[in-house]
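**Q** To start, I am sharing the structure in question, which I have written as structure tokens.
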Amino acid sequence: MQYKIFPPDKLQTTITLPPSKSISNRLLILNALSCSPYPIENLSNCEDTQVLIDAFNSESNVFDVKGAGTAMRFLTAFLAEMEGEWIIRGNERMHERPIYPLVNTLIALGAEIEYLGREGYPPLKIKGKHLEGGEVYLSGNMSSQFVSALLMIAPKMDKGLIIHLENEVISKPYIHLTLGLMEKYGVKAKWEGKDISVKHQEYVPTPIKVEADWSAASYWYSMASLIPKAEVTLLGLNQNSLQGDSNLVNLFPDLGVSTEFIPKGVIIRKTKKSTKKFFHDFVNEPDLAQTFVVACCLLNVPFLVSGVQSLKIKETDRINALKTELLKLGYVLKDDNEYRMLEWSNERCFPQKDAVIETYNDHRMAM
């Protein structure tokens, strides 16, 4: 199916945003670990979340997470701590995404996990059992979800868990989000420098509601930046959100978009011209990188963005996907060899006629 989209010169609307996927996925794990009798209000209906819901409702010991990376990582740690024999698999792309940093750490804690295909990658066979805990070393520069997966099962371990993070720690706000949600269930942790410690303690069941998704809001901010007369009300956003992507409030003024907080959410407006060149390190907000890259190109704003190394192992290789698809539209992007930076210096080429944009089965590429 192909779509042609024509830009308006005016946009005035009110949008009810979807619930946060990141919060929903963590709460499903925490609700299960706490044996909570309370249903979670306002859960996301995205694939990642639905995969987790299906897993918790399933009577089978075989789980297919399809393309849901969060579900793969969170369930791997969760099942390693749950007695029984489990198999967890996904689609072809999922079996190309490395999981060995998490698996190696779980094995160091006493877990029994076997690779059923390529070494270091899903699918996995897990013999779940109670883990004693202890101290582990984990690289922080691949995925914060490895860290979050371990933290959520840490209170169940007799000795608790101390994670010594090595190298640069990416996506720190997502780790803070995990710790903040754990605290809502009565669990306290300590993060000092690159060491995170969680003592053995009990989760306390609690009623909870999922707030709106700041990541989803980013696409409306992007749209507002491109339309001269834009005023959009986004409902459900929390000014004091734990979501790291709420930082877009501080970034989009560079693309001419202001934010006004109101009791029900925010009002965003196109208020001024964009900056002459956009710079930002997305190490803490990698899911915003694609949005800003595309918006900058369409606004003719050169950019140099860094901290994008984790985009290489997302649902698709988002660095190459951005370069390939924007080239079709006439924008020549360049990256360094380590995929840590992506740059557009206003270099153009002839765009393809009637270019068809591929999304790589990746929702953020599509958006």
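Rule-based calculations on the coordinates, nothing more; no lab input. In this text the structure is predicted, and so the values were computed from the model without any measurement. Please note: Cβ atoms are built from the backbone with ideal geometry, for glycine as well, and neighbour counts cover all protein chains shown.
**Q** Summing +1 for each Lys or Arg and -1 for each Asp or Glu, what net charge is found among the other residues whose Cβ lies under 12 Å from the Cβ of Ile99?
**A** +2
**Q** With a Förster radius of 22 Å, plug the Cβ-Cβ distance of Glu166 and Glu96 into 1/(1 + (r/R0)^6) and report the FRET value to the nearest 0.05.
**A** 0.35
**Q** Something else: If amide H atoms are built 1.01 Å from N in the plane of the peptide, which residues on other chains or at least 5 residues away come under 5 Å of the amide H of Ile87?
**A** When sequence neighbours closer than 5 places are left aside, the close amide H contacts are Val62, Phe63, Ile126.
**Q** A further question follows. To the nearest whole percent, what portion of all C-alpha pairs in the stretch 21-198 is separated by more than 26 angstrom?
**A** 22
**Q** Shifting gears a bit: Relative contact order for the stretch 42-201 using alpha-carbon pairs under 8 Å, separation at least 6, rounded to a whole percent?
**A** Once divided by the residue count of the stretch 42-201, the mean separation gives 18 percent.
**Q** Given the stretch 41-196, what percent of its DSSP beta bridges are antiparallel, to the nearest 5?
**A** 60
**Q** Suppose every K and R has +1 on its Cβ and every D and E has -1 on its Cβ; what is the size of the dipole of the stretch 269-321 about the Cα centre, in Debye to the nearest 20?
**A** 460
**Q** May I pose another question? Compare the Cα positions of Ala154, Ile170, Ser36 along the charge dipole of the stretch 21-198 (+1 at Cβ of Lys, Arg; -1 at Cβ of Asp, Glu; about the Cα centre) and return the one farthest towards the positive end.
**A** The listed residue farthest towards the positive side: Ile170.
**Q** In which sequence would Thr233, Thr359 go, from the one with the fewest C-beta neighbours within 10 Å to the one with the most?
**A** By the 10 Å Cβ count, ascending: Thr359, Thr233.
**Q** Dipole magnitude of the chain about its Cα centre, charges +1 at Lys/Arg Cβ and -1 at Asp/Glu Cβ only, in debye to the nearest 20?
**A** Result for the chain is approximately 1120 debye, rounded to the nearest 20.
**Q** Taking the Cβ of each residue in Ile162, Ile126 as the centre, tally the other Cβ atoms inside 10 Å and list the residues starting with the fewest.
**A** Ile162, Ile126
**Q** Something else: Output the relative contact order of the stretch 1-64, whole-number percent, from Cα pairs under 8 angstrom with separation of 6+ residues.
**A** Relative contact order, the stretch 1-64: 33 percent.
**Q** Separate question: Could you list the square roots of 5 times each eigenvalue of the Cα gyration tensor of the chain, that is, the equivalent ellipsoid semi-axes, sorted largest first and rounded to whole Å?
**A** 36, 23, 19
**Q** Follow-up question, since we're still on this one. List the pair-distance distribution P(r) of the stretch 212-367, using every Cα-Cα distance, as the percent of pairs falling in each 5 Å bin from 0 up to the bin containing the longest distance, rounded to whole percents.
**A** 2, 9, 19, 21, 21, 16, 9, 3, 1, 0
**Q** Rounded to whole Å and sorted largest first, what semi-axes of the equivalent ellipsoid does the C-alpha gyration tensor of the stretch 142-224 yield via the square root of 5 times each eigenvalue?
**A** In descending order, the three semi-axes are 27, 19, 8 Å.
**Q** Right, next: If R₀ is 45 angstrom, what is the calculated FRET efficiency for the pair Leu298 and Glu192, using the beta carbon separation as r and rounding to 0.05?
**A** In this case the efficiency is close to 0.55.
**Q** To make sure I understand, if each residue's beta carbon is the centre and we count other beta carbons within 10 Å, what order do Cys35, Cys349 fall in, fewest to most?
**A** Listed from fewest to most nearby Cβ atoms, that is Cys35, Cys349.
**Q** At 0.36 nm per residue, and after removing the present C-alpha to C-alpha distance, how many nm does the segment from Leu235 to Lys276 gain when stretched out fully?
**A** Stretched out fully, the Leu235 to Lys276 stretch lengthens by 11.7 nm.
**Q** Placing unit charges on C-beta atoms (Lys and Arg positive, Asp and Glu negative, everything else neutral), compute the dipole magnitude of the stretch 21-198 about its Cα centre in debye, rounded to 20.
**A** 280
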